[in-house]
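**Q** Below you'll find the structure I mean.
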Amino acid sequence: MDYIVEPGSDGLLLDLEPLDEAELRLVGGEVSLAGTSSPARLEIDGVTGAPVTVWLDDGVLTVEQPGPLSSGLVRPRATVALTVPPAARATVRTESAALVAAGLAGEMSFSTVSGELTGTCLSGDVRARTVSGEVALDGVAGRLRTDSVSGHVTIVGGLLQELAVGTVTGEVVADLDPRPGARCSCRTTSGPVTVRLPADASVEFEAESLSGHVDVPEQAETSEDRTPPWGKAWSGTAQAWAETAQAWAGRAGEWAGRAGEWVDTLAGAGARLLGDAPSTWASGCLPLGGVGRVVRGRLGHGDATLRLASLVGNISVVSGAPVEAVA
Amino acid sequence: MNRVFSHGRLRLFLLLLLAEHPRHGYELIRHMEDRFLGLYTPSAGTIYPRLAALEEEGLVEHEEAEGRKVYRLTDAGRAELDAHRHELRDLEARAAESARHLAHEIRHEVKASVRELRQELGAAMRDVRREDRRTAREAAKQRHDRIRDAARNRWGREDRWDEPWRGARPGGRGMDSEHRHAGDPGAADRDEHDGDERRPEEGGTAADSPDRLVLRSLGGDLEAFVTDVMTAARRRPMDGEQLRAVREALLAAREAVIGALSADGST
């Protein structure tokens, strides 16, 4: 069963049942995705530039609008609203389209070049990648992995089991309540990292920066080290970035251009890229000389772990206000 | 997500749901959740006071059934609903149509909470930084005082043999001042005792006598001691009682050191 929504047409309204999985590949416009107990429904309108194709095959929905190369002069755009069962698996890839996701509890993968990612009431396994778009999540539980180059990442109310945030120049602000046993990490090149933990947090933390400030809560038991194992920490970061870079560089056309921009951003952040291949980074070269600061410490019993690292950015851990529960 | 309803809309929506058939509070909550595609769940704290208010206005009435209050619309309530039919159409359209209408609102709200968090943490960070700068200024001042004192020792007051000692105390605010602030009655005694210890040395005034080198190295040790103590003190905020304990420990250490020196002197 497939449908084609032509540019300038009235759009499409489709009830879908059953629906277990949705994959949206779009260029510009807006995407909203919501988990709901009512029947799954797809709405598409405002299509310009290129037709949107919809397939539904055995509970798997695919919505695609081809990229700018095939559409001529008019930029492809579409407004897509989809409601799915909360546990459905969802994959959304856009170039500049903004995404709003709410009330999902399954496996999610969102990636965009310049679009904003906004999420609320998400639980399960969330993967979010962006180059320059901002990531803003309010109320997220479970696992969250997010990578960004220059986009800011903000997490409000994160009741997480696993968190991995990586940015180059993007700022990271997170209001976290790590569950016992949780593993959280935030790594940046030059983006500042600010994490707020609840007053009764039970966290073992490690915060390191080569040339930035490191602030940790006064009540934490800490020890400080001036000769941190940079090689280990940064090759890990580099590995994550290299993966991201490869993922982006693998995209054709404009996307590859964006990957070039990404490399520029890296270089602009004060880090030296020693070759064309992003994997140069993975070999663990030390981009800047100097002695950094690593602060290790513990709040409460230390049931969860928090690792924060920034090459030149400031790192701050604040303790105090409670994290609001996920609805 | 309580801004899904503008003021007055929730009231109408409740009337509408009760117009369909009588319901109890929890049923209303569940029903609204369904209407809003699971994106908006009104809390009991929102719904029950509204129902009570509606009842006071005479728009709804309730009867107890199986221990629950079941609400139904009164004639006045029906009239109220009719009077606002047009507003409801708009509301229903919003509620029933799709997630898209809520997406804007969600985006707006998430953005607002993100902004709020960033502002809060930004303010907290500014405070921390200010504190940092203050500490750094103090440390710089201490360093400055120490260097100045050392310079004075060397160039200004060569005749004062005990200056390296004094210079070792950062800006004269080291143990000595702590000790005075403690208001210890034995202080004067010990100062005198110190004097007693020094006097026999006064004869050997040659600028580079071995005694002076010994004193210098002792000064270095003391400086390290002061730095360590200050670092430890900075890392841990102290209350009055702890401060007193620490001061006592410092006095004891002082006494022990001086004791060792007098023992040496007497032999």
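The values are calculated or read from the model by the stated rules, or taken from the named source; none is laboratory data. Worth saying up front: this structure is predicted, and the values here are computed from it rather than measured. When we count neighbours, we look across all protein chains shown, and the Cβ atoms used for this are built from the backbone with ideal geometry, even at glycine. With ligands, DNA and RNA removed, areas are computed over all heavy atoms of the protein, side chains included. Shrake-Rupley method; radii C 1.70, N 1.55, O 1.52, S 1.80 Å.
**Q** Rounded to the nearest 0.05, what FRET efficiency is calculated for A:A87 and B:E64 with R0 set to 41 Å and r the Cβ-Cβ distance?
**A** Once rounded, the FRET efficiency stands at 0.60.
**Q** Let me ask something else about it. Anything losing 20 Å² or more of accessible area from the isolated chain to the full protein assembly: pick those residues out of the range A:14-34, probe 1.4 Å, ligands and DNA/RNA ignored.
**A** A:E30, A:S32, A:A34
**Q** Quick check for you: with a 1.4 Å probe and neighbouring chains kept, what is the accessible area per residue of the range A:102-205, in Å²?
**A** It amounts to 24 Å² per residue over the range A:102-205.
**Q** Between chains B and A, what is the buried accessible area summed over both chains (1.4 Å probe, protein heavy atoms, nearest 100 Å²)?
**A** 2900
**Q** So for the range A:1-112: antiparallel DSSP bridges make up what percent, rounded to the nearest 5?
**A** Once the DSSP bridges in the range A:1-112 are tallied, antiparallel ones form about 40 percent.
**Q** Sorted by average packing, counted as other Cβ atoms within 10 angstrom per residue and highest first, what order do B:143-150, A:132-139 take?
**A** Listed from highest to lowest mean packing, they are A:132-139, B:143-150.
**Q** What residues does the range B:100-120 have that are buried by at least 50 Å² of accessible area in the full protein assembly compared to the chain on its own, 1.4 angstrom probe?
**A** When all protein chains are present, B:R100, B:R107, B:V110, B:V114, B:L117, B:R118 each give up 50 Å² or more of accessible surface.
**Q** On to the next question. Under the 0.36 nm per residue contour assumption, what length would be gained going from the current alpha-carbon distance of B:S217 and B:D75 to full extension?
**A** Answer, rounded to one decimal: 41.4 nm.
**Q** Once fully extended, how much extra length lies between B:L261 and B:K141, figured as 0.36 nm per residue of separation less the alpha-carbon to alpha-carbon distance?
**A** Length gained, B:L261 through B:K141: 40.1 nm.
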